[in-house]
Amino acid sequence: MNMNNVNSRIITTRTARQWLGDDGIGRRVNLPNSKESLSDAIENIAACAELCGGSKTLALIDCRGMSSISREAREYYAGEEASKITKACAILVDSPLTRLIGNFFMRVNRTTYPIKLFTSEKDALIWLRGI
């Protein structure tokens, strides 16, 4: 994910790097081969809430490096805490595995916010800015 125009604050958790772009869109890049558990999801949502000051924000999540995510983590990302700070979410995927993870998340875990998969960061940003 392009890190141009990045505000100076980047939070790195066990599984991801997160920041708020100059355009106000929250960004998260999963670290290579990351395996997310419930505690990772809690940590990532807390980092996002800190970066956006608790306000609802658009989110661009780059899952292209992810290798797995637990059922509990998926449920947490679709749940109340994530909904408090997520206006809409675009998820970047690039392989059959990350597409499977994204599609599974969207089919099984219903969110209260719009969510969509993309292979292009440019297309994801266009969609988010249209929300």
For N103 and S70, what does the FRET efficiency come to when R0 = 22 Å and r is the distance between their Cβ atoms, rounded to the nearest 0.05?
0.85
Relative contact order computed over the chain (Cα-Cα under 8 Å; 6+ residues apart), in percent:
21
What 222 nm value per residue comes from the helices of the chain, counting each DSSP H run with n ≥ 4 as -39,500 (n - 2.57) and dividing by all residues, nearest 500 deg cm²/dmol?
-11000 deg cm²/dmol
Amide H to amide H, which residues 5 or more places from G65 or on other chains are under 5 Å from it, using H placed in the peptide plane?
N30
Which of these values of log10 I(q)/I(0) by the Debye sum over Cα atoms at q = 0.09, 0.16, 0.18 Å⁻¹ was calculated from the structure shown: [x] -0.37, -1.11, -1.28; [y] -0.21, -0.71, -0.93; [z] -0.45, -1.10, -1.17?
[y]
So which helices of the chain fit the span-like rule, where a helix is a whole DSSP H run, its Cα atoms reach 15 Å or more along the axis, and its mean Kyte-Doolittle is at least 1.6?
none
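Only the coordinates and a few stated rules stand behind these numbers; no lab work does. This one's a predicted model, so the numbers in the text were calculated from it and none came from an experiment. Backbone-built Cβ (ideal geometry, glycine too); neighbour counts: all protein chains shown.
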